[in-house]
Every structure is written in structure tokens, then in C-alpha cells.
Amino acid sequence: MGTLDPRLRHLLGSVAGRPVPSGGAAAAVPALASRVAWRPGKGWGVVDVLIRSADLSWARKLGPTDMVTSDTVNKIGVYTGRVAVDQLETLARHESVDRVEASRPLFPELNVSRDDVRAGALHDNPTPVRGSGVVVAVADSGIDYTHPNFRHDDGSSRILYLWDQGARVWGDAWVPYGIDYTKADLDRALGAADPFAVVPHSDDEVGHGTHVAGIAAGNERSAMGMYSGIAPEADLIVVALEGTPGVTLGTSARLADAVEYAVNQAAPRPVVVNISQGTNGGGHAGETLIEQKLDELASRPGVVIVKSAGNERDWSVHAGGRIGARQSVTLDLLVPRGNRQDEIAEIWFGGDDHITVAVQAPSGLVSRAVAPGQRHTFTTIAGNDVTIDSVPDSAGTGDTSVTLIVTAGMAEEIETGTWQIRLGADQVCDGRYDAWIERAPEDDGGREHSRFADGSCDPSRTITIPGTARRVITVGSHVTRPRILTDASGLGRLSPFSSSGPTRLGARKPDLSAPGEVIVSARCSNSAMPFGPDPRHTALSGTSMAASHVAGAAALVLSVRPDLTGEQVKQLLQVAARRGGAGPDAPDDDWGAGRLDLAAAIAAARAARFPAVRGVYVDGSALVFGTDIPADSSVHCHTVRTRLAVGKTLATLAGGAATTSHRADLTTLGPGDYLCEIVVSGPDGLVTADHNDGRYYAVPVLSGVSERPPPCVPAAVVAHHG
């Protein structure tokens with residue numbers, strides 16, 4: 001059962017021993033239903049999941065009624081599926097499966113801004129760069145396909161494919177659920193007196209998807225280009241994620257399907273996928289299965305994935321710090337009145353640290369201290385049910401995650417007041433801990449959300465998942481138009497809502513920033529948002545808008561260098577980013593590398609030469625490879641693939657002087673079966689990472705003298721009290 005994530009274990013525990021509902025599960029919704037993409041069905045219903053496995057043999061065993069939506073050309077073995085609740089244990093025990101994650105809910109996160117990122121000069125250049133030949137894919141709430149922004153001069157559609165995941169009809173062989181429309185379908189609709197009678201798709205009443213698509217790739221013919229997007233000549237693929245309109249933007253499994261669909265449908269053309277939604281659930285270091293899936297896709301030539309950093313900076317959803325040996329820390333979690341939804345928080349710390357977690361409810365009852373590897377469930381005086389599930393080596397990272405789940409239980413709501421999360425340290429090697437509150441997936445009348453108290457919260461490490469994926473370009477927001485037009489004092493500064501890094505393991509995020517406040521872009525025809533300056537446009541704010549600028553920028557980079565990977569495009573955008581002024585003087589965890597400078601990025605792309613890794617082979621206990629130009633090299637090694645995937649290493653073997661022939665001898669690491677990632681840097685500092693399509697290079701070492709890091713020495717005693 002350790003293969004199942006804690007949410008799924010809690011779901012199974014909530015139905016264990018209870019009679020199966022007659023006539024399906026529609027009348028008996030299990031605990032955490034809205035947190036695990038549960039749907040009514042036979043028995044206790046079905047859930048959408050992400051699965052990491054060696055192959056698809058688990059699908060054949062479960063039978064044809066369980067939907068598998070990923071394609072089988074999958075280099076890292078992350079799939080999506082719909083599985084009956086009563087089949088979860090069978091799936092978890094299958095020999096090919098090592099991880100099953102619940103599909104988690106995701107949440108939504110130009111004229112002035114276009115000048116700020118220096119796009120106008122590229123559009124109006126004698127040799128214009130406008131995104132021709134590239135596809136921009138938007139996975140969001142949908143799109144107003146009738147808007148002039150997304151039509152050619154002859155009135156035909158610029159959208160190549162539109163997949164409506166939530167449509168209550170079955171599509172053709174291209175999609176496993178919902179329905180997809182081709183450009184021919186959309187053109188036929190646009191030629192009809194009532195387009196929506198032919199293609200019955202519209203954006204939600206916010207028009208989030210229409211707005212971000214307009215920023216990234218709108219061509220704005222109707223306004224003489226005043227509000228054109230960044231890549232106005234790119235073609236479009238749109239996936240309307242299945243979610244709750246105005247509240248959620250799909251789930252992690254649906255997002256995985258959407259991105260894979262976009263990449264496959266765009267091929268062989270280069271594609272940029274914009275993701276302007278996220279969640280707080282997970283370890284914030286790239287270990288979730290959706291992040292591993294996106295990292296694999298973004299390592300392919302011609303594929304770039306862009307993600308908004310999130311708007312969580314001032315939401316008090318993160319707490320973190322350090323704890324010393326034989327010390328304790330108390331985190332205060334404030335639950336507002338009228339909370340009828342499940343509360344979920346995750347606490348993460350290093351696997352070499354032995355930290356217990358206990359919970360005290362506002363009514364005073366204190367749980368026992370739960371150690372790594374233990375699970376404890378209790379009922380509070382107020383009738384709420386509480387589960388503390390501490391999982392060592394969580395998601396294969398080597399670290400421990402503790403999932404705290406509070407449900408109303410026999411009460412009408414979760415007890416109002418201060419819930420205390422008590423951490424107690426025994427053995428401590430590092431002492432760093434981080435905790436996140438997962439956002440609620442349902443609208444509760446605009447109620448206040450739970451948060452950490454001022455003495456406990458920490459605005460850092462608030463990048464939303466999947467923005468902590470290593471190869472995804474994550475974008476923060478800065479101000480180019482003040483909310484109050486007469487107040488210019490904040491121009492150029494970081495938006496106060498823009499989520500900050502680093503990742504849980506200290507890697508820099510976001511990668512850069514772009515305009516994200518009061519951005520004027522396309523307004524869908526059914527929008528409830530105020531219009532301005534005319535009914536075709538509206539102004540919205542958020543890192544969703546900032547990410548869309550960078551998605552358009554990436555499309556322009558690919559239009560001049562279609563051979564680049566997402567990692568390489570990210571480097572060019574970072575190298576070209578502007579610093580100083582109201583922004584950072586050097587890269588930091590708020591701005592990343594600095595402010596987007598598109599003109600400089602295009603110049604850098606035209607001149608860039610990334611070293612290529614060639615002829616990799618294993619010679620005994622050595623990894624041998626070449627590069628096409630003289631380059632510095634290093635080889636990152638670990639014995640566990642999932643730990644190497646999040647950036648952990650047992651050792652890094654550095655090469656000597658820059659050369660085209662490289663050899664890394666692993667005998668110094670001692671006996672073991674090692675997995676290796678090759679990193680080479682050219683004379684201008686541009687880096688190429690070769691991880692063998694996510695499989696890494698396997699090097700067996702039969703003997704040798706170990707130079708692994710010594711056993712962990714307990715950290716100094718540091719008291720930190722929330």
C-alpha cells in the first residue's frame with residue numbers, strides 16, 4: 001500500500017468495511033472525493049490517477065473498462081488512467097507499478113506590456129519575428145474561438161485543434177474523452193449564422209483561457225495591432241481542461257493528457273505549451289508525477305513548457321524553517337468559520353532527520369506524535385476526523401512527507417480556530433522543514449481560506465506545482481501598468497502576489513519575470529468581467545498573464561531556432577533577462593534571472609551554440625562520451641532514478657580542461673549500480689544536459705574505494721518557534 005499516495009490511502013480507509021452503495025456510488029460520496037478526481041460509478045466509483053510503472057501490464061490486468069489515456073511512447077513510464085476505487089489496491093500491488101498518485105485539482109493563477117518586453121521591435125523589423133511556423137498550445141478554461149484575435153485575415157480559424165475535455169460526448173479516435181474539433185470544424189462554424197450551433201464550445205464566464213491565449217498569440221486585427229500578443233503569427237492548439245468553472249482548472253491527470261495531446265498534435269512543428277494553473281499539494285521539488293511527465297516532454301527538441309509561478313505569496317499557505325535535535329516547533333494553522341471542506345496540509349523534511357508530527361485541535365485534544373513510517377487517525381472532541389500519515393522515502397525522493405487530513409466527520413464543519421501542528425526532532429542532520437496548505441477545490445461562497453498564522457507563515461517556497469519542475473520555465477509577475485492609473489510608484493516592481501522560490505531543495509525558481517498586472521487582452525463574448533477599452537477586451541492580473549508573455553516569447557525563439565529544447569530556450573531567456581532598475585541587480589528567488597527581454601533573447605538565440613553530447617558508452621566502470629565543440633563536463637551520479645530526477649546526487653565527477661573527449665571514472669564511488677546525467681558547458685557558458693531521455697546512463701561499479709559523502713552529522717541545535 002506504500003505505492004498509493006496518502007490521499008488514496010485515506011479514500012480507501014474511509015470506505016473500508018462500509019456496505020457498497022446500491023445502484024452506484026452517486027448517493028454516497030466518499031471522503032476526499034473532490035481532492036482525488038472521484039466520479040460516481042460501479043461500487044465506490046472511479047478515480048483519475050497518475051501511475052509510474054515499467055510498462056502497461058497493469059492496464060491489461062485491470063481490464064478494458066479502466067481507461068488509459070497516455071500514449072505508450074513514454075520514456076519515463078508516467079501514465080494516466082481511470083481506475084475503480086475497489087481496484088486501487090490491486091493496481092498498487094502490481095509488480096510493474098511503483099507509484100500511484102491521486103489526480104489533484106488545479107487552480108487559475110497588452111499594449112504597455114508588449115513594449116516592456118521589447119516585442120514590438122521584433123514585430124516591426126524589416127525581417128519580422130512573429131512566431132510563424134510555431135504552435136502555441138494553451139491548456140486552460142477554453143477559448144472564444146469566434147474572437148477576431150484567433151482568426152486569419154480571411155476570417156478562418158488560427159486554431160488547428162480544440163479539445164474540449166469536459167464535453168459530455170465522446171470524440172473520435174484522437175481523444176479518449178470529451179470531443180476535439182479540427183480547424184475544418186471551426187472554419188465551418190465560423191461560416192455559419194450561429195457558430196455555436198455547429199461547434200458548441202465557449203470559454204467560462206471569466207474568460208481566463210481566451211485572455212491568456214490573446215497575450216501569447218493574439219493577432220488583434222480589429223484594433224490595428226494595438227493589443228496584439230507576443231507571437232501573432234503562431235498557430236494555436238487549445239485544450240479546455242475539465243474543471244469547475246470559475247473555481248478549478250482541471251486536475252493534474254487531465255493536464256498531463258492535455259500537454260501530451262498538444263505535443264503530439266503539433267508534431268513535427270515546434271510547440272510551446274502555456275500552463276497558467278497550479279496547486280500547493282506536493283513536495284515542491286519536482287517529484288510529483290505530473291512534473292516528471294512535463295520534464296520529460298520539455299527535454300525533447302522543439303518542445304517548451306511555460307508555467308505561471310502562482311499568486312500565493314501573500315496567501316500564508318507556506319510555513320518553513322529549521323529545527324534542531326531535541327527541539328520542537330509549533331505551527332499555527334488558522335481555520336475560519338463555516339469550513340465544510342476537507343483540509344489537507346503536507347509537511348516535508350529530509351530522510352536523514354527523525355521528526356515526529358502531532359496535532360492539537362482548537363478544542364484541546366492532542367494526538368500522539370507520529371514518527372516516519374507511522375499512520376494515526378483520531379476523532380476530535382468536536383467530532384472532526386484527523387489522519388496523520390508519515391511516509392519515508394516519499395515519491396522515491398529519499399525525503400519524508402507527512403500528510404495531515406482533517407475532515408468534518410460527524411460535525412457539520414471543521415472546528416473553527418487555531419489548529420497546532422507540533423514538530424518534534426530526535427535525530428537531525430539537516431533540520432529543514434516545509435509545510436504547505438493545499439487549496440480547497442470547491443467554491444464555498446467566497447469564504448476565507450485556511451492559512452498559517454503570521455508567526456508561522458513564510459512567503460518563500462510558494463511556487464505552485466507543477467512550477468517546481470526542473471525543465472519547465474516558471475514565470476513571476478512584475479508591474480507595467482498600475483492598478484490606479486494615477487499611481488506610478490509601483491511601476492517596474494515585483495507584483496505583491498507573485499509567488500517566490502526557491503524549490504524545497506534550494507533550486508532557483510522562478511526562472512524570470514514578465515508583466516502580469518492589469519494586462520489588456522482578449523475578452524470572450526460571454527465574459528462576466530468588466531470590459532475595457534471596448535467589449536472585445538478586458539484587463540486581468542496574475543502570474544497567469546506573465547506566463548503567457550513568456551510562452552509567446554518562447555514561440556518567437558523557436559521560430560528562429562526550432563531545434564532547441566525547453567531547457568535551452570529557458571537558458572536563452574535567462575541570459576537575456578534585464579536586471580537593475582526596480583528589478584534585481586542579480587538573479588534571486590523573487591525575480592529569477594530578471595525581467596523578460598525578448599529582443600535580446602532573439603539575438604542570443606541566433607548566436608547561441610549549445611555543445612552536443614555524442615557517442616556515449618560505458619567502458620567498465622567509466623562513462624565515456626564526446627562533444628562537438630570543446631566543453632567543460634560534469635557527471636551527476638545516484639543509485640536511485642527518482643532522486644537524480646529532482647536534482648539530488650551522491651557525487652558529481654568534474655572533468656578537466658575543456659575538450660571534446662570526456663571520461664568519468666566511477667570507481668572512486670565504491671561498488672554499486674549508478675545512474676548518471678551528463679552536463680556539458682560550452683565556451684559561452686551555455687549548458688546541455690543529457691539524461692538519456694529520462695532513463696539516465698547506467699554504470700555498474702563492481703569494486704573501488706568509496707568517496708561518497710560521510711554519514712550525516714547531526715546539525716547544530718537550532719530552536720525555531722512558529
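The values are calculated or read from the model by the stated rules, or taken from the named source; none is laboratory data. This one's a predicted model, so the numbers in the text were calculated from it and none came from an experiment. All Cβ positions, glycine included, derive from the backbone under ideal geometry; neighbour counts span all protein chains shown. Ligands, DNA and RNA are stripped out before the accessible areas are found, and what is left, the full protein with its side chains, is counted by its heavy atoms. Shrake-Rupley method; radii C 1.70, N 1.55, O 1.52, S 1.80 Å.
At residue 659 and residue 507, where each label point lies 7 Å from the Cα along Cα→Cβ, what is the point-to-point distance in nanometres?
Inter-label distance under the simple model: 3.0 nm.
What length, rounded to one decimal in nm, is gained on full extension from residue 416 through to residue 529, with 0.36 nm per residue of separation minus their alpha-carbon distance?
37.3 nm
With the Cα gyration tensor of segment 269-396 giving a ≥ b ≥ c as the square roots of its eigenvalues, does the rule (a/c under 1.5 for rounded; else a/b larger than b/c for prolate; else oblate) give rounded, prolate or oblate?
prolate
By the gyration tensor of its Cα atoms, with a ≥ b ≥ c the square roots of the eigenvalues, what is the shape of the chain: rounded for a/c under 1.5, prolate for a/b over b/c, or oblate?
Note, shape of the chain comes out rounded.
Per-residue counts of other Cβ atoms within 10 Å, averaged by peptide: what ranking do you get for 407-419, 311-323, 572-584, 270-282, highest first?
The peptides rank, most packed first, as 270-282, 311-323, 572-584, 407-419.
Sorting check: for 127-134, 371-378, 205-212, 79-86, which peptide has the highest mean count of neighbouring beta carbons within 10 Å, and how do the rest follow?
Working: 127-134: 18.8, 371-378: 15.8, 205-212: 27.5, 79-86: 22.0.
Result, highest mean first: 205-212, 79-86, 127-134, 371-378.
What do you reckon, how do 332, 511 stack up by accessible area (1.4 Å probe), largest on top?
332, 511
Using +1 at the Cβ of each Lys and Arg and -1 at the Cβ of each Asp and Glu in the chain, identify which of 156, 179, 615 lies farthest towards the dipole's positive end.
615
Quick one: P(r) of segment 527-591 from all Cα-Cα pairs, 5 Å bins, percents rounded to integers, in order of increasing distance.
4, 13, 17, 18, 17, 12, 11, 9, 0
As I understand it, the dipole of segment 498-596 uses +1 on the Cβ of Lys and Arg and -1 on the Cβ of Asp and Glu, about the Cα centre. Which of 591, 557, 540 lies farthest toward its positive end?
557
Of the peptides 47-54, 363-370, how do they stack up when ordered by the mean number of other Cβ atoms within 10 Å, highest first? Working shown, then result.
Values: 47-54: 23.0, 363-370: 15.0.
Final packing ranking: 47-54, 363-370.
Could you check the simple spin-label distance between residue 244 and residue 641, using points 7 Å along Cα→Cβ, in nm with one decimal?
Reported label-point gap for residue 244 and residue 641 is 3.6 nm.
So what is the relative contact order for segment 262-334, in percent, with contacts set as C-alpha pairs under 8 Å and at least six apart?
35
Using only the Cα atoms of segment 590-685, build the gyration tensor, take square roots of its eigenvalues as a ≥ b ≥ c, and label the shape rounded, prolate or oblate: rounded if a/c is under 1.5, else prolate if a/b is larger than b/c, else oblate.
oblate
Given a Förster distance of 22 Å, report the FRET efficiency between residue 606 and residue 689 from their Cβ-Cβ distance, rounded to the nearest 0.05.
After rounding, the FRET efficiency stands at 0.50.
Going down the table (61/648; 570/648; 183/570), which pairs top 27 Å between alpha carbons?
61/648; 183/570
What is the magnitude of the charge dipole of the chain about its Cα centre, with +1 placed on the Cβ of each Lys and Arg, -1 on the Cβ of each Asp and Glu, and no other charges, expressed in debye to the nearest 20?
Around 500 debye, computed over the chain.
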